1. If the Cβ limit is 6 Å and pairs must be 6+ apart or interchain, which residue in the stretch 45-74 that is in contact (Cβ under 8 Å) with a residue 24 or more places away in the chain and of a type in the set (D, E, K, R) pairs with which residue that is part of a helix (DSSP H, G or I) and surrounded by 10 or more Cβ atoms within 10 Å (Cβ to Cβ)?
2. Looking at Ser53 and the list (1) touching a strand residue (DSSP E or B) at 6+ places or on another chain (Cβ under 6 Å); (2) surrounded by fewer than 13 Cβ atoms within 10 Å (Cβ to Cβ); (3) of a type outside the set (Lys, Arg), which single condition is not satisfied?
3. Tally time: how many residues in the stretch 111-128 are assigned to a strand (DSSP E or B) and within 21 Å of Ile52 (Cα to Cα)?
4. Go through Thr108, Thr100 for me and flag whichever is assigned to a loop (DSSP other than H, G, I, E, B), at pLDDT 90 or above and either surrounded by 13 or more Cβ atoms within 10 Å (Cβ to Cβ) or polar (S, T, N, Q) (or both).
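The values are calculated or read from the model by the stated rules, or taken from the named source; none is laboratory data. Keep in mind the model is a prediction, meaning the values are calculated, not measured. Positions of Cβ are generated from backbone atoms using ideal geometry, with glycine treated the same way; all protein chains shown enter the neighbour counts.
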Amino acid sequence: MYYNPYPIFVYPTYYPTLAIVNPPAHHQPAKYLAMPINTSPFPAVNTNKLKISTKRVKGIMQQVQLLTDKIDESEQFAHNLMDAAQKSNKSEVERLITSTGITTKFETNYTPDNIRIVFTDSDCCKLSLVLSW
């Protein structure tokens, strides 16, 4: 037999329900409007900044092409870059990268497994290049 230590039972139907005398009417927008009403919490789409960023990132990609071509063509350059990165010689890594003709601002991070170079063009865009070895 189940023992209930609380002898008072509260049933949901025990309390009177609230009745709304005049329920609010749901307003539907007119279906014949030429433009829909924008109820989105996001601002209107403006692609101007996106187009500017894509144009600038193309320039960064050309700069990255200079670096990757140099690494691909020169075994000595690839060896020097990898050696300097593995020894955490930041100034030598940056000197080697700028020696390829890169004029874009960049930051480097490296581990024993890879090198990550983030190319930045002011505040508009960034391009990350991760090369593993």
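1. Lys70/Phe77
2. Every condition holds for Ser53 apart from (2).
3. The qualifying residues number 8.
4. Result of the check over Thr108, Thr100: Thr100.
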